[in-house]
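The values are calculated or read from the model by the stated rules, or taken from the named source; none is laboratory data. It should be emphasised that the depicted structure is a prediction, and the values quoted were computed from it without experimental measurement. Cβ: placed from backbone, ideal geometry, glycine included. Neighbour counts: every protein chain shown.
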Amino acid sequence: MPKLFGPTVINTMTLSNRFVRSATWEGMATADGACTPKLTALLVNLAKGGVGLIVTGHAYVRQDGQAGPWQLGVYKDELVPGLQAMTDAVHAGGGKVVMQLNHAGIFADPELAGQAPLAPSRVGGFAGAPPKEMTIKDIDGMVRPFASQREGLRRPGLTASKSTLLTAFFSVSFSHQFSTIVRMNTAELSRIGQELLCKCSRRSGRQ
Ligand SMILES: Cc1cc2nc3c(=O)[nH]c(=O)nc-3n(C[C@H](O)[C@H](O)[C@H](O)COP(=O)(O)O)c2cc1C
């Protein structure tokens, strides 16, 4: 199977093979989201074991988007040196690593996040506490944490994205007929995703 074991390229990133470790919350960060030597050792072990690309567990881009304890965070500059050291160690082990940027949205832990979970609508049955329906201002305010954290990651050489919060906007389960989202037209609805993509790709690093 030469394709599976041979090098491959994703945009500007060269991988030694096509094996990818799917994003997995490891619960090995500190209480405030910093990367630890234990988490670094785990990821280096994967790289040395032959995984071409590692996707980190989801990392919260804003404190109100934290889903669980000991989750990796990327919401303040002080967290970057730990991520840089981890990335350098994974590269030295022969692997590449991308960080899964996330805001947990309705699945944020209200105690850790310090407020009610954010959602497109006040839907019940998903969150640990009644969610707050996001306003247009809340939605606009969400672009920057994703885009600026990507910018902060240029040095470490980590890039990736997903968002539980953003995908909720495109789900009928999370947005019902009385919500802000339904009062937006299709162009407005897709604008937050488009803005994010534009800002992130302008600012992202090359490896
Ligand atoms: C313990 C655990 C933690 C996970 N954490 C994440 C995560 O942080 N982000 C994510 O997108 N998926 C997460 N997943 C989902 C996995 O990345 C993967 O998609 C899922 O386990 C299905 O893969 P499989 O079909 O190979 O089992 C997690 C799964 C497990 C079991």
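Scanning the range 54-65 for residues that are crowded, with 22+ Cβ neighbours inside 10 Å and within 12 Å of the ligand (Cβ to nearest atom) gives ILE54, THR56, HIS58, ALA59, TYR60. Looking at the range 17-35, can you tell me whether even one residue there is in contact (Cβ under 8 Å) with a residue 60 or more places away in the chain, more than 24 Å from ALA104 (Cα to Cα) and out of contact with any strand residue (DSSP E or B) (no Cβ under 7 Å at 6 or more places or on another chain)? No, the range 17-35 contains no residue that is in contact (Cβ under 8 Å) with a residue 60 or more places away in the chain, more than 24 Å from ALA104 (Cα to Cα) and out of contact with any strand residue (DSSP E or B) (no Cβ under 7 Å at 6 or more places or on another chain). Among the candidates VAL97, VAL51, VAL74, the residue that is within 16 Å of the ligand (Cβ to nearest atom), under 23 Å from GLN115 (Cβ atoms) and buried (at least 22 other Cβ atoms within 10 Å of the Cβ) is uniquely VAL74. Residues in the range 25-64 that are hydrophobic (A, V, I, L, M, F, W, C) and under 16 Å from GLY82 (Cα atoms): MET28, ALA29, ALA31, ALA34, CYS35, LEU39, ALA41, LEU42, LEU43, VAL44, ALA59, VAL61.
Within the range 100-112, how many residues are in a helix (DSSP H, G or I) and within 16 Å of the ligand (Cβ to nearest atom)? Full working, then the answer.
At the first step, the residues of the range 100-112 found to be in a helix (DSSP H, G or I) are 105-107, 110-112.
Remaining after also requiring within 16 Å of the ligand (Cβ to nearest atom): 105-107, 112.
Selection size over the range 100-112: 4.
Quick check, is GLY82 away from the ligand (no atom under 13 Å from the Cβ), within 17 Å of ARG21 (Cβ to Cβ) and not charged (D, E, K, R)? Taking the combined requirement at face value, the residue does not satisfy it. Against the list (1) more than 22 Å from ALA116 (Cα to Cα); (2) crowded, with 16+ Cβ neighbours inside 10 Å, the condition VAL20 fails is (2). When the criteria are applied in full, THR40 meets the requirement of being more than 16 Å from the ligand (Cβ to nearest atom) and among the polar types (S, T, N, Q). Restricted to the range 25-82, and to residues there that are of a type in the set (D, E, K, R) and under 27 Å from LYS132 (Cβ atoms), the residue that is modelled with the highest pLDDT is ASP32. For ALA104, the requirement of being crowded, with 17+ Cβ neighbours inside 10 Å, touching a strand residue (DSSP E or B) at 6+ places or on another chain (Cβ under 7 Å) and not charged (D, E, K, R) is met.
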